[in-house]
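Taking it in order: structure first as C-alpha cells, then the write-up.
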Amino acid sequence: MILRAILRNVYPTVIRLVAVPDSLDLIDFDEIFHAVLGWESGIGFAFQIQGQEFNSFRRKTRSKKFRDFRLHRQEKFLYTLGALDQWEWEIRVVDLQDGAEGDETPVCVGGRGAAPPQYSGGSTGYRLMLKRQKMGEQMFEPAQVETALGMLAAAHPDHPASTWELLRSVLTDGGESLDRRLEQSGRLQPEQFSLREANERLAKLVQYRRFA
C-alpha cells in the first residue's frame, strides 16, 4: 500500500508518503510512522477507519491488520498520535501494488515539511512555537498586553481585578513556556525534510524488528 499522510491544522504543510505491506498491523504501523517522523514511540494512538475506532488501549486493536479492512484506492482514514498532543494525520490510500515476494520492508517514498517537535502541545502548541520564534518578545509585548487587558476590563466592569491578574499571569507563563520549548527543540525549520534521513531511521528499526 502507498499511503499519503497529511498532518492536520499545521502550516507549513507536513506530508509523508510511505509504502507498507497490507499485512502490517496497526500497532506496527504506529511504530514505523514514529520512525519516519523521527519521534520516540508515543503514548497512545487511535485509528478511525470505516466508521470504527481502533486505539492502543483496546485489546482487539492488537490483532487488526490493514488487509482486514479491504481498503481501496483513494480511501481515507484518520490516524491520531499521542494521547496528550493529539496529532491528527489524514491518511489516503494512494495506490495498491503487488510487492516483491518476501520483501515487506516499509519505505518512505516522499515527503514535505519538517515533523514538529513531538511534545510541543499538538498543532496549536506548534503554531504558537512558530509564531514565538518569528516574533520573539513582541508576541506578548507588555504594552500591548496591558492595552488589551484595559479594554477587557472596561468592557466587563463587573469582573473582579483578579480576573485580569490571572489572565496577565497566563500570558506571561505562556511566553516563558514557549521559550523553554524552543530552547529544548532548537531552531524550528518547518520547511525542511530529508527522505534519506527518514529511511535511515526506518533501516535502523527493521534491523531488530520484523514487520510481516
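Miscellaneous remarks
- Strands (runs of 3 or more DSSP E) contained entirely in segment 30-117, each with at least 2 residues that are charged (D, E, K, R) and more than 12 Å from Met1 (Cβ to Cβ): 87-95
- Val94 being touching a residue at least 40 places away in the same chain (Cβ under 8 Å), buried (at least 19 other Cβ atoms within 10 Å of the Cβ) and of a type outside the set (D, E, K, R): no
- Only listed residue being within 19 Å of the chain's Cα centre (by Cα), of a type in the set (Asp, Glu) and at pLDDT 75 or above, chosen from Glu200, Glu183, Glu191: Glu191
- Search result, residues across segment 32-41 that are within 18 Å of Gly111 (Cβ to Cβ) and surrounded by fewer than 19 Cβ atoms within 10 Å (Cβ to Cβ): Gly38, Trp39
- Taking segment 5-29 as the range and being under 12 Å from the mean Cα position of the chain (by Cα), among the β-branched types (Val, Ile, Thr) and either buried (at least 17 other Cβ atoms within 10 Å of the Cβ) or not in a loop (DSSP other than H, G, I, E, B) (or both) as the test, the residues that pass are Ile6, Val10, Val14, Ile15.
- Of all residues in segment 77-99 being charged (D, E, K, R) and modelled with pLDDT under 90, the one that is farthest from Ala115 (Cα to Cα): Asp98
- Lone unmet requirement of (1) in contact with an Asp or Glu (Cβ under 8 Å, 6 or more places away or on another chain); (2) under 21 Å from Ser194 (Cα atoms) for Gly111: (1)
- Test for Gly44: is it at positive phi and open to solvent by less than 20 Å² (accessible area, probe 1.4 Å): yes
The values are calculated or read from the model by the stated rules, or taken from the named source; none is laboratory data. Just so you know, these numbers come straight off a predicted model, no measurement behind them. All Cβ positions, even for glycine, are placed from backbone atoms using ideal geometry, and neighbour counts span all protein chains on display. Just so you know, the surface numbers come from the protein's heavy atoms only, side chains and all, with ligands and any DNA or RNA stripped out. Shrake-Rupley method; radii C 1.70, N 1.55, O 1.52, S 1.80 Å.
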